[in-house]
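Visitor: Following this message is one structure expressed as structure tokens.
The values are calculated or read from the model by the stated rules, or taken from the named source; none is laboratory data. Since we're looking at a predicted model, the values are computed, not measured. Cβ placement follows ideal geometry from the backbone for every residue including glycine, while neighbour counts extend to all protein chains displayed. In case anyone asks, the SASA skips ligands and DNA or RNA and just uses the protein heavy atoms, side chains included. Shrake-Rupley method; radii C 1.70, N 1.55, O 1.52, S 1.80 Å.
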Amino acid sequence: MRFNPLMSSARASFMARCLIALTLLLGLVYGSTAAFSQSGYKLIVNSDNPVSSLSKDEVSDYFLKKTSSWKSAGFDQRVNPLDLTAPPEVRNAFSEDVHGRSANAIKKYWQRLIFTGRGTPPREVDSDSEAISFVASTPGGIAYVSPSASLPGGVKAVSVSN
């Protein structure tokens, strides 16, 4: 077989286009995964609560019951967190983003505290509508729901920052 410079140039051009397409495809896949991990949940509080944003550390402390009052946020109510059990990808996104640990690791954390008598986990519900209803009727309520959940009166979304 003879060396053909035109064939080599065509192959190089084809390979370059394939490499560009692969790079763009990987960028889309990575970008959508990163976007889901950052917006895989929506944090909600009762609409009477004056907070509009919370740090991940504050949210983690509320859900791990290390902070029991909203007083530092200027709201004289007890924090009443609520965990969502379904869909599991929402709980996983929340646990990874806020606690920096998997949902299973958080369950084990609570099992240890329950076993030693040092704490009880937040109440759990199975749906966005149950979580929204709880937060709407609980002045110190805080929960997370699916990012697509629509929020009626009585609750509001709160941003979560690093």
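Visitor: Amide H to amide H, which residues 5 or more places from residue 141 or on other chains are under 5 Å from it, using H placed in the peptide plane?
Guide: 46, 80
Visitor: Note down the accessible area of residue 58, probe 1.4 Å, to the nearest 10 Å².
Guide: Taking all protein chains as shown, residue 58 has close to 70 Å².
Visitor: Okay, moving on. Using θ = phi - 60° and the Karplus form 6.51 cos²θ - 1.76 cosθ + 1.60, what ³J(HN,Hα) does each residue of region 83-97 get, whole Hz, x for Gly and Pro?
Guide: 9, 9, 8, 9, x, x, 5, 6, 4, 5, 4, 4, 4, 5, 6
Visitor: For region 157-162, just list the computed ³J(HN,Hα) in residue order, Karplus coefficients 6.51, -1.76 and 1.60, θ = phi - 60°, integers in Hz, with x standing in for Gly and Pro.
Guide: Values, residue by residue: 7, 10, 7, 10, 10, 5 Hz.
Visitor: In a shell of Cβ-Cβ distance under 11 Å around residue 151, excluding residue 151 itself, what net charge do Lys and Arg (+1) and Asp and Glu (-1) give?
Guide: Local net charge: +1.
Visitor: Can you run phi through the Karplus equation (6.51, -1.76, 1.60; θ = phi - 60°) for region 110-116 and list ³J(HN,Hα) in whole Hz, with x for Gly and Pro?
Guide: 5, 4, 5, 5, 5, 4, 8
Visitor: Another one. Amide H to amide H, which residues 5 or more places from residue 65 or on other chains are under 5 Å from it, using H placed in the peptide plane?
Guide: none
Visitor: Something else now. Of the accessible area of region 34-155, with the probe set at 1.4 angstrom, what percent is carbon plus sulfur?
Guide: Of the solvent-accessible surface of region 34-155, carbon and sulfur hold 48 percent.
Visitor: Relative to the Cα centre, what is the charge dipole magnitude of region 56-139, using +1 at the beta carbon of each Lys and Arg, -1 at the beta carbon of each Asp and Glu, and rounding to the nearest 20 debye?
Guide: Dipole of region 56-139, to the nearest 20 debye: 520 debye.
Visitor: Could you work out the equivalent-ellipsoid semi-axes for region 32-101, taking the square root of 5 times each eigenvalue of the Cα gyration tensor, largest first, in whole Å?
Guide: Three semi-axes, in Å: 23, 12, 11.
Visitor: Further question on the same structure: Please list, ordered by chain and number, the residues whose modelled amide H lies under 5 Å from the amide H of residue 155; skip anything fewer than 5 residues away on the same chain.
Guide: Amide H neighbours of residue 155: 47.
Visitor: Lysine pairs in region 62-162 with Cα distance under 20 Å, only those 8 or more apart or on different chains: how many are there?
Guide: 5
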